[in-house]
1. Name the pairs whose Cβ atoms lie under 9 Å apart, with the first residue in segment 61-81 and at pLDDT below 95 and basic (Lys, Arg), the second crowded, with 18+ Cβ neighbours inside 10 Å and part of a helix (DSSP H, G or I), and 6 or more positions between them or separate chains?
2. Go through Lys245, Lys210 for me and flag whichever is closer than 27 Å to Ser127 by Cα, of a type outside the set (Gly, Ala, Ser), modelled with pLDDT under 95 and part of a loop (DSSP other than H, G, I, E, B).
3. Where residues in segment 99-153 are without any contact (Cβ under 8 Å) to a residue 60 or more places away in the chain and over 24 Å from Glu32 (Cβ atoms), which of them is nearest to the chain's Cα centre (by Cα)?
4. Sort out which residues of segment 109-152 are polar (S, T, N, Q) and either out of contact with any strand residue (DSSP E or B) (no Cβ under 8 Å at 6 or more places or on another chain) or surrounded by fewer than 19 Cβ atoms within 10 Å (Cβ to Cβ) (or both), and write them in order of number.
5. Of all residues in segment 78-108, how many are in contact with a strand residue (DSSP E or B) (Cβ under 6 Å, 6 or more places away or on another chain) and surrounded by 22 or more Cβ atoms within 10 Å (Cβ to Cβ)?
6. Within segment 165-178, track down each residue that is loosely packed, with under 14 Cβ neighbours inside 10 Å, over 17 Å from Asp216 (Cβ atoms) and free of Cβ contacts under 8 Å to residues at least 24 places away in the same chain.
Amino acid sequence: MNQTIHTLLNHRSIRSFTNEVLTEDQINTIVEAAQMASTSSYMQAYTIIGVTDPEKKQELAEITGQSYVKDNGHLFIFCADLYRHGILASDLQKQDMLPNIENTEHFLVSAVDASLAAQNAAVASESMGLGMCYIGSIRNNIKRVDQLLQLPEHVIPLFGMVVGYPDKQPEQKPRLPKRAVYHVNEYNKNQTEELRSFDHTIQDYYKSRKQNSRLDSWTDQMIRRFSHPMRMDVNEFVQSKGMNKR
């Protein structure tokens with residue numbers, strides 16, 4: 001097993017960091033690694049915003065409900081970005097481009113591009129001995145995040161990523177069995193046995209872990225997740241920014 005595979009297989013989300021901030025060299029390396037991710041049709045349809053302003057970090061921590069959004073080595077916000085693609089175009093060209101910029105296809109492309117860049121950044125961070133955690137809860141108040149970051153039309157804040165030196169090393173959380181996520185030639189709808197087995201694995205994990213021990217299963221978590229409306233304003237917000245409209 002090479003070092004890259006070892007880094008990937010050793011991943012865990014870190015939610016407690018020391019006070020040491022990342023250096024400019026570390027930040028530059030992480031961003032450069034992100035930029036080398038694959039990108040659809042060379043569009044590079046994303047922007048990364050580093051948040052260093054203490055007041056903005058404090059408000060983002062309040063929005064997300066996570067103190068480590070404020071207390072970390074560095075905070076990155078990954079955005080889907082189709083704004084820059086029309087900057088150099090003439091008014092007539094922009095009108096021709098608009099149906100494509102605002103369609104679902106290119107919204108998906110920009111979200112995928114940002115996610116690929118983010119995962120490169122995550123692996124680069126962990127390979128440097130740092131810890132990281134994705135922050136999807138910036139979408140708890142996506143309009144306010146948009147205002148805080150002063151994002152133009154056709155730019156959407158997707159998620160954050162906190163990076164820093166781990167203060168604690170949590171147990172690694174199990175993943176679904178391979179047979180539940182990797183299918184050959186066609187989709188396998190018969191996953192009941194694998195999911196029941198995984199529920200037992202997760203129950204044992206939650207019982208035995210050192211912090212936040214509890215009785216729970218993956219199935220119960222997913223039922224709770226999808227049984228209550230969540231961030232229902234995101235669709236309207238995305239369309240108000242001129243994306244995913246067609």
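1. none
2. Testing whether each residue is closer than 27 Å to Ser127 by Cα, of a type outside the set (Gly, Ala, Ser), modelled with pLDDT under 95 and part of a loop (DSSP other than H, G, I, E, B) leaves just Lys210.
3. To start, the set of residues in segment 99-153 that are without any contact (Cβ under 8 Å) to a residue 60 or more places away in the chain comprises 100, 105, 108, 111, 115, 129, 136, 147, 150.
Okay, now just the ones that are also over 24 Å from Glu32 (Cβ atoms), so 100, 105, 108, 136, 147, 150.
Numbers: Asn100: 25, Glu105: 19, Leu108: 14, Gly136: 6, Gln147: 19, Gln150: 20 Å.
Step by step, filter segment 99-153, then rank; the result is Gly136.
4. Ser115, Gln119, Asn120, Ser127, Ser137, Asn140, Asn141, Gln147, Gln150
5. Number satisfying all stated conditions: 4.
6. Lys178
The values are calculated or read from the model by the stated rules, or taken from the named source; none is laboratory data. The structure presented is a predicted model; accordingly, all values stated were derived computationally and were not measured. Every residue, glycine as well, gets a Cβ built from its backbone with ideal geometry; the counts of neighbours run over all protein chains shown.
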